[in-house]
Amino acid sequence: GSVIIKPRGTSMLPLIRQGIDEVELISPNGRLKKYDIAFYKRKSGQFVLHRVVKVRKNDYVMCGDNQTEFEYGIDDSMIFAVVGAIFRDSKRIEIDDKKYLRYCAKNRRNKFFLRYYRIFKAVIRKRILGKK
């Protein structure tokens, strides 16, 4: 079956907006693929909705669209569901839609540049401005 929820949090911005957009969660069918969005439970007990950025032999590397830090060691036993569709502004966005997949690839490139921009900005602040 499936269930539709309104996710909370900002880690999947700008794609999924808290309290506005909805996602359809479905049961995973085998191993996940790159760019799938998984609903899983961390070892801390926290439930998370993040994107698969890398599929490894025994686990996955995950990251929210609005984050730069990767999360390692997420295995199949921790995953409850995957996003089958996103409902945004009364439109259903299928996960295999070509526009959606282009968004995923673009977001991945932007995340790379954002990560290094933040590092560069911190170094500049510390060395030039003397701030932490």
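The values are calculated or read from the model by the stated rules, or taken from the named source; none is laboratory data. What you see is a predicted model, and the numbers here were worked out from it, not measured in a lab. In this analysis, Cβ positions are derived from the backbone assuming ideal geometry, glycine residues included, and neighbour counts consider all displayed protein chains. Ligands, DNA and RNA are stripped out before the accessible areas are found, and what is left, the full protein with its side chains, is counted by its heavy atoms. Shrake-Rupley method; radii C 1.70, N 1.55, O 1.52, S 1.80 Å.
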Subset tally (residues that are open to solvent by 60 Å² or more (accessible area, probe 1.4 Å) and part of a loop (DSSP other than H, G, I, E, B)) for segment 41-50: 4
Criterion violated by V53 - all others in (1) more than 10 Å from the chain's Cα centre (by Cα); (2) open to solvent by less than 50 Å² (accessible area, probe 1.4 Å) satisfied: (1)
Residue within segment 89-109 that is within 14 Å of the chain's Cα centre (by Cα) and at pLDDT 90 or above present: no
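Here's the yes/no breakdown for (1) surrounded by 14 or more Cβ atoms within 10 Å (Cβ to Cβ); (2) in contact with a strand residue (DSSP E or B) (Cβ under 6 Å, 6 or more places away or on another chain); (3) in a strand (DSSP E or B):
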site: T10; (1), (2), (3): yes, no, no
site: I16; (1), (2), (3): yes, no, no
site: E24; (1), (2), (3): yes, yes, yes
site: R31; (1), (2), (3): no, no, no
site: F39; (1), (2), (3): yes, yes, yes
Pair list, Cβ < 7 Å and 6+ apart or interchain, from segment 74-88 residues that are without any contact (Cβ under 8 Å) to a residue 40 or more places away in the chain to residues that are open to solvent by less than 50 Å² (accessible area, probe 1.4 Å): I74/Y40; I74/D59; I74/Y60; I74/M62; D75/D59; M78/Y40
Subset of segment 56-107 [open to solvent by 90 Å² or more (accessible area, probe 1.4 Å) and not in a loop (DSSP other than H, G, I, E, B)]: Y72, S77, F80, K91, R92, K98, K99, R102, K106
